[in-house]
Amino acid sequence: MVQKASSAAATAPFPEEALFVELLRTADRLSRAPAQLLRDYRLSPALYNVLRILRGAPDGLLCGEIAGRMVTREPDITRLLDRLEKRTLVQRCREEEDRRRVLVRITGGGLDLLSRLDGPVQELHRRQLGHLSRKQLWALTDLVVAARSEPE
């Protein structure tokens, strides 16, 4: 069953504004529970995102590459990496050819932490979105990606 837009969005003068408001509300509601779950592991959503990015890059990534793959824009990747390195979840090393370039890799400890989080995070997403069919989930994903893309 599809819910009607909230009264604030429904009274917006333009459908684009109504959609914008509903996307913000949805993002806020869906992000609260994962943030709480991650807090129990002493992680922020941004720190978790860095670890997931690095898990997908076993050879490591440069700091700028990590920043480019983040779900949300983070102005200070270095600060995030400092926090993860202090917990020995990532390691940084300067490249030999160009000492200005810093390669970052996830450690065994970082991989272990992510593996402990995989199940709880997946279950949380199922609780949040499991009422939608697979077809609805993929259709909504396509629509959100289309909304985010640049107009032609």
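Across the chain, the relative contact order, built from alpha-carbon pairs under 8 Å that are at least six residues apart, equals 17 percent. Pick from Glu96, Glu65, Glu74: which is most flexible by mean-square fluctuation in a GNM of the chain where alpha carbon atoms under 10 Å apart are linked? So, out of Glu96, Glu65, Glu74, the one fluctuating most is Glu96. A full extension of the chain between Arg134 and Gln36 corresponds to an added length of 32.7 nm, given 0.36 nm per residue minus the alpha carbon distance. Extension gain, Ser44 to Cys63, is 5.0 nm, computed as 0.36 nm per intervening residue step minus the present C-alpha separation. With Cα atoms defining each centre, region 23-67 and region 99-136 are spaced 8 Å apart in the structure.
Given R₀ = 35 Å, FRET efficiency for Leu19-Lys86 by Cβ-Cβ distance, to 0.05? Between Leu19 and Lys86 the formula returns 0.30. In the set [x] 61, 36, 31; [y] 58, 37, 26; [z] 45, 30, 29, the label that goes with Cα extents along the principal axes in Å computed for this structure is [y].
Since every read-out is calculated from the coordinates, none of them should be taken as a lab result. Here the structure is a predicted model, which is why all the values come from computation and not from measurement. Heads up, the Cβs are rebuilt from the backbone with ideal geometry, glycines too, and the neighbour counts pull from every protein chain shown.
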